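The values are calculated or read from the model by the stated rules, or taken from the named source; none is laboratory data. Everything quoted here is computed from the prediction, not taken from an experiment. Cβ atoms come from the backbone with ideal geometry, glycine included; neighbour counts cover every protein chain shown.
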Amino acid sequence: MARKKSRLFFSFGTAILIGAALTAAFWPRAVLVDMGQVTRGAMMVTIDEEGRTQVRNTYIVSTPISGRLQRVTVQSGDRVIRGETVVAQMLPTNPEALDVRTREQARSAVTGAEAALRVARAEQNGAIANNDLAQTDLARTRALTERGVSSRAALEHAEQAARVARANADTAEAAIAVREAELANAHALLIGFDDQGLASALRNGGDNALKLYSPTDGRILRIIQKSETTLPAGAPVMEIGNIEGDLEIIVDLLSSDAVQVLVGNRVLIEDWGGAVSLNGEVIRIDPFGVTQYSALGVEEQRVNAVIRFTDPPARRANLGHGFRVEARIVIWEENETLTVPSSALFRDGGDWAVFAVEDGVSNLRKVVIGQNNGVQAQVINGLEEGTRIILFPSSALMDAMQVKERSAL
């Protein structure tokens, strides 16, 4: 009998323990959640994009004539003054080598030019003799006319003959100059690159070299041609620009972002290497887009936006041409507005909603949202300042559930 009673007590105690364990296991517990708060303060919406600096007006120094560029001695970064700083020098091009046929043709041209010059001098001698005779006849006829021996018509005829003879003499003299020039040109055709006299003249002609001056005040951005070489006319040598006063930023925007940007929008310039952010403003948005491909091969339409610095140059003293920066274009901002963390928002049907926390219980609230920058969202209606809300709400979280803030590790 005593054994039966003890077995009954043991079974009853076991049942009580199992019931207590099941009750403890299935007893509702508060859900651990992350919490935030509705606050009031400044908020802005920006379009963030990578950009590059460039000098607005760059000048390419190029060769004005075909010739031999002397080695460029200036360096990138050197300061230059318009019309004063010599940035490069040029010498005439060395003549080409002459083959046998070309040399013989040139020698024949010299022989012909010499013969033509002799003919011209002979014609000049004849013209001079005729002019002397005509002048003598004119003087004799004038004297006879004054004594009344010769007629007036004879005098006029003598004057005309004298003028014709003088003109023929002048023509013969001019022909001599033409033939001499032709002879000099024929001799020049015989000059080759192996001509020792020419080589010496070119070596000693540094003082007569053509000097290229800087077209603007500023700095040398890059040297395109450093070594001595022969270049055609119009070949680029270097690029010059004013970094201090003419620096701007080019940003490639997605076309869907570009339509939200207006000329005059404020810009924050970050990640440029300095300790503080720089300020700028949008001054131009290109009216056309260009097709580009992202690193993942996605086709995009990109539009250039131009940003100028509004800070003094001293704040960006080490920023140069072609540097990378991060531009944040402010398309909306408010100094005093009610905001909620964007991570607290979720869709409830077609509306935005959050879980507010009141006395440890979740409370589903529908809200009207204005601007949203991905970190903060502007609250138009549905929440008050200081309200505690649940961040990153899971799909298992429901209205009127016990919740508890997760402690920070």
Query raised in the report: Since Gln225 meets every condition but one in (1) of a type outside the set (D, E, K, R); (2) under 21 Å from Val325 (Cβ atoms); (3) touching a Pro at 6+ places or on another chain (Cβ under 9 Å); (4) not in a helix (DSSP H, G or I), which condition does it not meet?
Result: (2)
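Inspect region 346-368 for any residue being within 42 Å of the chain's Cα centre (by Cα) and either in contact (Cβ under 8 Å) with a residue 60 or more places away in the chain or surrounded by 14 or more Cβ atoms within 10 Å (Cβ to Cβ) (or both) and give the result as yes or no.
Residues of region 346-368 within 42 Å of the chain's Cα centre (by Cα): none.
No, there is no match, as no residue in region 346-368 is within 42 Å of the chain's Cα centre (by Cα) and either in contact (Cβ under 8 Å) with a residue 60 or more places away in the chain or surrounded by 14 or more Cβ atoms within 10 Å (Cβ to Cβ) (or both).
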Query raised in the report: Which of the residues that make up region 335-373 are within 28 Å of Val263 (Cβ to Cβ) and out of contact with any Gly (no Cβ under 9 Å at 6 or more places or on another chain)?
Result: Gly370, Gln371, Asn372, Asn373
Query raised in the report: Which of (1) part of a strand (DSSP E or B); (2) of a type outside the set (Asp, Glu); (3) under 16 Å from Arg347 (Cβ atoms) does Gly370 not meet, given it meets every other one?
Result: (3)
Query raised in the report: Scanning for something in a strand (DSSP E or B) and closer than 26 Å to Val259 by Cβ, does region 383-398 turn up at least one residue?
Result: no
**Report entry** Tally, over region 86-113, of residues that are modelled with pLDDT of 80 or more, surrounded by 15 or more Cβ atoms within 10 Å (Cβ to Cβ) and not aliphatic (A, V, I, L, M)
**Finding:** 1
Requested in this report: Would you tally the residues in region 114-162 being charged (D, E, K, R) and at positive phi?
Outcome: 0
Query raised in the report: Here is a list of conditions, (1) in the same structural domain as Ala167 (by TED's automatic domain parsing); (2) among the basic types (Lys, Arg); (3) touching a residue at least 40 places away in the same chain (Cβ under 8 Å), and Arg68 meets all of them except one; can you say which number that is?
Result: (1)
Query raised in the report: Just to be sure, is Ala139 farther than 26 Å from Ala106 by Cα, surrounded by fewer than 15 Cβ atoms within 10 Å (Cβ to Cβ) and not aromatic (Phe, Trp, Tyr)?
Result: yes
Query raised in the report: Given the conditions (1) exposed (fewer than 14 other Cβ atoms within 10 Å of the Cβ); (2) touching a strand residue (DSSP E or B) at 6+ places or on another chain (Cβ under 8 Å); (3) not hydrophobic (A, V, I, L, M, F, W, C), which single one is not true for Gly67?
Result: (1)
Report summary line: Only unsatisfied item for Val251, checking (1) surrounded by 13 or more Cβ atoms within 10 Å (Cβ to Cβ); (2) within 30 Å of Glu84 (Cβ to Cβ), is (2)
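Out of all the residues in region 112-132, is one or more assigned to a helix (DSSP H, G or I), within 60 Å of the chain's Cα centre (by Cα) and farther than 19 Å from Ala174 by Cβ?
Yes, because at least one residue in region 112-132 is assigned to a helix (DSSP H, G or I), within 60 Å of the chain's Cα centre (by Cα) and farther than 19 Å from Ala174 by Cβ.
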Query - Number of the exception - Ser150 against (1) at pLDDT 85 or above; (2) outside any helix (DSSP H, G or I); (3) farther than 30 Å from Met238 by Cα - result: (1)
Requested in this report: Inspect region 275-286 for any residue being surrounded by 13 or more Cβ atoms within 10 Å (Cβ to Cβ), assigned to a loop (DSSP other than H, G, I, E, B) and within 23 Å of the chain's Cα centre (by Cα) and give the result as yes or no.
Outcome: yes
